[in-house]
Amino acid sequence: MKNRGGVLIANRGEIAIRIARTCKALGFSTVGLYSDADRWAEHPWHCDQSVWIGGAAPKDSYLNVEKVIAAARKTGAKYVHPGYGFLSERAHFVEACEKAGLIFVGPSADSMRVMGDKIRARETISALKVPGVPGSKGAVKDGTEAARVAKEIGYPVLLKAAAGGGGKGMRRVDAESEIASAFEGASREALGAFGDGSMYVEKFILQPHHVEIQVFGDGKGGAIHLGERECSIQRRHQKVWEESPSPILEKHPKTREKMSEAAVRVACHVKYAGAGTFEFIVDGQGNFYFLEMNTRLQVEHPVTEWVTGVDLVAWQLLLACGEMKLPAVPERRGSAIEVRLYAEDPKTFLPAPGPIGRIAFPSGPFVRVDTAFTGPGEVSLHYDPMIAKVSVWGQTRDAAVDRLRVALDEVRVESPRDEQGFRKGSLRTNLSFLQKLVRNEVVRGGDTTTDLIANHPDLTRDDPTPPSREMALVAALVQTIDKAHLNGSSVAVAPNSVSGWAARARQEGITRT
Ligand code: ADP
């Protein structure tokens, strides 16, 4: 097989593994990276060689440009694939790669700057007559200016961080009286998360659908689209279920045409190279508004791979090594859905990382699992708590939903146990939530908007967790006290607090009485 040279994969977890697999299939050798927290992680197993790059905190390892470049040089890698997150959208990293004589697998630093910055991207698309969400021209300096813009465009509005990502630094505001404090809170959150507190204002689109167009550019002014993904099912403004085709665009095919055409037009204009995604908000009538562009591979790219049959990472790599000619728009077939399994509380959606004792995933026809866990391991508190992406394909959407229901019922994730069989660690997962989601009537009907989870409290009703060692001890104590009562002896514990603990022990499913 042809040896195409070495690819340094500047990432970790499932995406590092996914990239390594395609590299190997195409004859690229692979270099992985790992931090202190990833000494026992699985992604280095999938690479021909791996380099330790520092401490657990991302800034000491995966986000450290000098260390990543040094690892590429040391191993003689020719290419750098950034995956998603970490350094994937940092223009200065692209430049550092170029300076070191490495080929960055992705767009140029220039097109990343123009489209990666939310405010600049809004200016670019509006010059190209692509509709953006009505709102402030650029950043607003304080709550008073935000209130002035909000009055012009009308409430509700959304305050958004210019440097935003992952739904952070975002607040919906329904009335003028709330805007000053919302501005302060969101700006503070953005400053903490991104080191930049600049905010802008957008009209909040009611009954919103999140629909995005996957594009692929040749870097010379040519680009094609690979259809859409609908990602309307979100918690905390973050995607948890993604699918293609989009149910709302199935009702508005003209909107699909216009959105795809707009995305390709902008990609050509900025001479975009490689895989990129244009995110839009679509309202119930099929009006669409540009939100932002992600200048990288998306987490949810398997959905597009299912319906097009294209290996997007292969296209990225072949373009980087000069062997890719832009093909015609691929035909799309059937329906694909992906859900994200997270280590998080299924009620609050807050991260709940911890050790994994046992794990099992579904297989079978048209089921794909992207994960970095195949046995006992640890979801690290230092990184994104995603455990796996489970995706399926069906000839129709209903078939895909049914297949996903069965697949999710085969997923098992368990904490390790101590000698007495009690679970160790604080791992929780959103599996029970996903299982309810796939059975929800509205989800099945496909009429999903971004407020679905808020409108269905049954989806986030908690499930009993297996008892922890601490709660089991409380149960034993309660049992002893009960016995003491029966024997007529006195106990020096306030009865109210005991009955409270007993109720909690019962709630946790403890039956040892
Ligand atoms: P981030 O970069 O933080 O992910 P986005 O701009 O992509 O931020 O928005 C994240 C999500 O927030 C969207 O998918 C959508 O659900 C919601 N959202 C963003 N802008 C609007 C808007 N103007 N109106 C309604 N919902 C919005």
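Taking helices (runs of 4 or more DSSP H) that fall entirely within region 405-513, which contain at least 2 residues that are modelled with pLDDT under 70?
469-486, 495-507
With respect to TRP40, is the statement that it is out of contact with any Leu (no Cβ under 6 Å at 6 or more places or on another chain), assigned to a loop (DSSP other than H, G, I, E, B), modelled with pLDDT of 95 or more and open to solvent by 10 Å² or more (accessible area, probe 1.4 Å) true?
Yes: the conditions hold for TRP40.
Could you look through region 235-247, keep only residues that are in a strand (DSSP E or B) and out of contact with any strand residue (DSSP E or B) (no Cβ under 6 Å at 6 or more places or on another chain), and pick out the one that is nearest to the ligand (Cβ to nearest atom)?
Here the residue is GLN238.
State yes or no: is VAL313 crowded, with 21+ Cβ neighbours inside 10 Å and more than 16 Å from the ligand (Cβ to nearest atom)?
Yes: the conditions hold for VAL313.
If you check ALA96 against the conditions, is it assigned to a helix (DSSP H, G or I), among the small types (Gly, Ala, Ser) and open to solvent by less than 60 Å² (accessible area, probe 1.4 Å)?
yes
Assess whether ALA163 counts as being open to solvent by 10 Å² or more (accessible area, probe 1.4 Å) and either more than 22 Å from THR450 (Cα to Cα) or part of a strand (DSSP E or B) (or both).
It is false that ALA163 is open to solvent by 10 Å² or more (accessible area, probe 1.4 Å) and either more than 22 Å from THR450 (Cα to Cα) or part of a strand (DSSP E or B) (or both).
Six or more apart or on different chains, Cβ under 7 Å: which pairs go from a residue in region 113-126 that's in contact (Cβ under 8 Å) with a residue 60 or more places away in the chain and under 16 Å from LYS160 (Cβ atoms) to one that's among the acidic types (Asp, Glu) and within 13 Å of the ligand (Cβ to nearest atom)? Could you list them?
Listed by first residue and then by second, the contacts come to GLY116/GLU89; LYS118/GLU292; ALA121/GLU292.
I'd like the full set of residues that are surrounded by fewer than 20 Cβ atoms within 10 Å (Cβ to Cβ) and of a type in the set (Asp, Glu), limited to region 82-93.
None - no residue of region 82-93 is surrounded by fewer than 20 Cβ atoms within 10 Å (Cβ to Cβ) and of a type in the set (Asp, Glu), so the list stays empty.
When the residues of region 141-169 are narrowed to those that are of a type in the set (A, V, I, L, M, F, W, C) and at pLDDT 95 or above, which ends up farthest from the ligand (Cβ to nearest atom)?
Across region 141-169, the extreme among qualifying residues is ALA147.
Do we have ALA109 as open to solvent by less than 30 Å² (accessible area, probe 1.4 Å), touching an Asp or Glu at 6+ places or on another chain (Cβ under 9 Å), small (Gly, Ala, Ser) and on the phi < 0 side of the Ramachandran plot here?
yes
Which ones in region 395-409 are surrounded by 15 or more Cβ atoms within 10 Å (Cβ to Cβ) and farther than 16 Å from TRP306 by Cβ?
ARG405, LEU408
Can you name the number of the only condition in (1) in a helix (DSSP H, G or I); (2) within 10 Å of the ligand (Cβ to nearest atom) that LEU206 fails?
The one condition LEU206 does not meet is (1).
Restricting attention to helices (runs of 4 or more DSSP H) lying wholly within region 100-160, give those where 3 or more residues are in contact with a strand residue (DSSP E or B) (Cβ under 8 Å, 6 or more places away or on another chain) and within 30 Å of LEU317 (Cβ to Cβ).
Because the criterion is at least 3 residues that are in contact with a strand residue (DSSP E or B) (Cβ under 8 Å, 6 or more places away or on another chain) and within 30 Å of LEU317 (Cβ to Cβ), the helices (runs of 4 or more DSSP H) in region 100-160 that meet it are 109-116, 118-127.
Let's see how each residue does on (1) of a type in the set (Val, Ile, Thr); (2) out of contact with any Phe, Trp or Tyr (no Cβ under 9 Å at 6 or more places or on another chain); (3) surrounded by 15 or more Cβ atoms within 10 Å (Cβ to Cβ):
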| site | (1), (2), (3) |
| --- | --- |
| PHE366 | no, no, yes |
| SER380 | no, yes, yes |
| TRP393 | no, no, yes |
| VAL411 | yes, no, yes |
| ARG423 | no, yes, yes |
| LYS436 | no, yes, yes |
| ARG439 | no, yes, no |
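Here is a list: PHE349, PHE290. Which entry is part of a loop (DSSP other than H, G, I, E, B), open to solvent by less than 30 Å² (accessible area, probe 1.4 Å) and out of contact with any Ser or Thr (no Cβ under 7 Å at 6 or more places or on another chain)?
Of the residues listed, the single one that is part of a loop (DSSP other than H, G, I, E, B), open to solvent by less than 30 Å² (accessible area, probe 1.4 Å) and out of contact with any Ser or Thr (no Cβ under 7 Å at 6 or more places or on another chain) is PHE349.
Looking at GLY309, GLY322, GLY276, GLY286, can you tell me which residue is on the phi > 0 side of the Ramachandran plot, touching a helix residue (DSSP H, G or I) at 6+ places or on another chain (Cβ under 7 Å) and not acidic (Asp, Glu)?
Residue meeting the stated conditions: GLY286.
Any idea how many residues of region 301-346 are farther than 18 Å from ALA16 by Cα and not in a helix (DSSP H, G or I)?
Count: 25.
Which of (1) modelled with pLDDT under 95; (2) touching a Gly at 6+ places or on another chain (Cβ under 6 Å); (3) not aromatic (Phe, Trp, Tyr) does SER198 not meet, given it meets every other one?
(2)
Which residues, counting only those in region 170-203, are assigned to a helix (DSSP H, G or I) and within 8 Å of the ligand (Cβ to nearest atom)?
Those that are assigned to a helix (DSSP H, G or I) and within 8 Å of the ligand (Cβ to nearest atom): none in region 170-203.
The rows are residues; the columns are (1) more than 24 Å from VAL367 (Cα to Cα); (2) open to solvent by less than 30 Å² (accessible area, probe 1.4 Å).
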position	(1), (2)
VAL201	yes, yes
GLY222	yes, yes
VAL240	no, yes
HIS252	yes, no
ARG256	yes, no
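The values are calculated or read from the model by the stated rules, or taken from the named source; none is laboratory data. Computed from a prediction, not measured in an experiment: that's the story for all the values here. All Cβ positions, glycine included, derive from the backbone under ideal geometry; neighbour counts span all protein chains shown. Surface accessibility is based on the protein's heavy atoms, side chains included, excluding ligands, DNA and RNA. Shrake-Rupley method; radii C 1.70, N 1.55, O 1.52, S 1.80 Å.
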